[in-house]
Structures are given as structure tokens and as C-alpha cells.
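The block underneath contains the structure these notes are about, expressed in C-alpha cells.
The values are calculated or read from the model by the stated rules, or taken from the named source; none is laboratory data. What you are looking at is a predicted structure, and each value in this text was computed from that prediction instead of being measured. Here the Cβ is made from the backbone with ideal geometry for all residues, glycine too, and neighbour counts use every protein chain on show. All accessible areas refer to the heavy atoms of the entire protein, side chains included, with ligands and DNA or RNA removed. Shrake-Rupley method; radii C 1.70, N 1.55, O 1.52, S 1.80 Å.
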Amino acid sequence: MPDLLWNDVKNFFDPYLMGGLPDVWVLGASVEDWQAVFDLVRSSGWEWEYREGDLVCALPSAAEVLSRPADAETVHLCVWPVPGVRMIFRPWSDSVIDFDVNLYELQEQVGVDILCGFLSAIGRRLGKPVSMTNEGGDGMHPVLGFDVAADRVVLLADPEL
């Protein structure tokens with residue numbers, strides 16, 4: 001049984017309502033949590049690419065990434081849990097894990113299932129909630145997310161509002 005059903009959540013997957021690249025957050029994170037995400041990415045079998053500016057590099061440790069000088073090139077970790085669906089991690093802060101999803105790539109029930117599976121993998125690895133907000137959101141008004149106690153992705157807002 002899927003965590004969420006397309007007909008119940010399609011408004012949260014509408015790029016015109018949510019923005020094309022909604023934000024996904026793990027608040028209260030640490031360098032160790034970032035390292036756990038990096039380890040998950042390396043061990044999952046997912047395709048991934050780490051970039052410093054325009055240069056593709058080997059994925060360093062989270063401590064190395066998060067201790068880079070403020071004027072260093074911007075870094076991105078792109079992860080494809082399935083072909084054609086990319087998650088873009090932006091390791092800017094050790095206290096927040098954040099990444100974008102592309103709603104144009106996550107349509108219909110298959111898109112909901114892919115997102116739920118990915119959020120669940122991150123949440124289970126960290127033992128922390130993972131929540132999605134609209135594009136440019138502040139992490140304080142999530143619409144759906146992985147609930148640790150329920151061990152699944154749940155609605156956190158009414159999709160009809």
C-alpha cells in the first residue's frame with residue numbers, strides 16, 4: 001500500500017501551486033547526519049554526482065564539504081534515485097539538510113511513490129523527520145513528510161487549501 005495516493009496529494013505535486021522545485025528539509029541536523037546521507041547515497045545504488053562549481057569531483061566527507069571557506073565554489077550533490085528523477089542536495093549548513101525535488105519529474109502515482117521512498121530512506125537512515133515545503137519555503141510550513149513514529153510519509157497540511 002502506498003504511503004500517499006496521487007488523488008489525495010496532487011495539489012502538492014502541482015508545480016504552479018508549489019513551485020517547480022519544492023524544498024525538502026531535515027531540521028536539527030549535524031555533520032554526522034550529513035555524513036549518514038553521503039554514506040546512504042554511496043551505498044544505495046543510486047546514480048549521483050558531486051560538483052564544486054562546474055567541476056565534477058569525488059564525494060568528500062561531510063566534514064570537508066561543510067568546512068569549506070565561505071568564498072569557495074558552490075557545491076551540489078545530485079542524486080537520481082531512479083533514472084529521470086533528480087534530487088539536488090545543497091550542503092550549506094551543518095544544522096539543516098536541504099534538497100530540492102523537481103515536481104515536473106514526479107507526476108502521477110509513480111512520482112508520489114518515488115518521492116515517498118526517497119524521503120523514507122533519508123528519514124529512516126537519520127531517525128529524523130523529513131519534510132517538504134513549497135519552493136523557497138522556510139521549513140516551517142511543511143505539506144508532507146516522513147514521520148519517524150509512523151515510519152512512513154504522511155500529510156502535514158490539507159492539500160485542498
The chain: angle of helix 31-43 to the longest principal axis, Cα-based, in degrees nearest 10: 80 degrees
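With a ≥ b ≥ c taken as the square roots of the eigenvalues of the C-alpha gyration tensor of region 91-149, please select rounded if a/c is under 1.5 and otherwise prolate if a/b is larger than b/c or oblate if it is not? Mind dumping the intermediate values first?
Numbers: a/c = 1.72, a/b = 1.22, b/c = 1.41.
Oblate shape, in that a/c is at least 1.5 and b/c is the bigger or equal ratio.
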Inter-centroid distance (Cα atoms) of region 46-92 relative to region 3-20, Å: 27 Å
From the coordinates shown, semi-axes √(5λ) of the Cα gyration tensor in Å corresponds to which of (1) 38, 18, 11; (2) 26, 16, 15; (3) 39, 25, 13: (2)
Accessible solvent surface per residue of region 61-161, calculated while the other protein chains remain in place, 1.4 angstrom probe, Å²: 48 Å²
Probe 1.4 Å - accessible area at SER93, Å² to nearest ten: 40 Å²
ILE114 accessible area, 1.4 Å probe, all protein chains in place, Å² to nearest 10: 40 Å²
For GLU32, solvent-accessible area (1.4 Å; no DNA, RNA or ligand), Å²: 130 Å²
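Trypsin sites (Lys or Arg not before Pro) within region 1-94: which are DSSP loop residues with at most 11 other Cβ atoms inside 10 Å? Write down the numbers at each step before the final one.
Working: sites: LYS10, ARG42, ARG51, ARG86; in loops: none.
Nothing satisfies the criteria.
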Accessible-area composition of region 4-161, carbon plus sulfur, in percent [1.4 Å probe]: 53 percent
Protection proxy ranking of 132-138, 100-106 - average other beta-carbon atoms within 10 Å, highest first: 100-106, 132-138
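Could you grab the relative contact order for the chain? Cα pairs under 8 Å, six or more apart, rounded to a whole percent.
Numbers: 302 pairs, mean separation 49.3, N = 161.
It comes to 31 percent, rounded to a whole number.
For every helix of n ≥ 4 consecutive DSSP H residues, a contribution of -39,500 (n - 2.57) applies; sum these over the chain, divide by its total residues, and give [θ] at 222 nm rounded to the nearest 500 deg cm²/dmol. Can you show the working numbers first?
Values: 5 runs with 45 residues, N = 161.
Roughly -8000 deg cm²/dmol at 222 nm, from the helical runs in the chain.
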Ranking by accessible area, most exposed first, for HIS76, HIS141 with a 1.4 Å probe: HIS141, HIS76
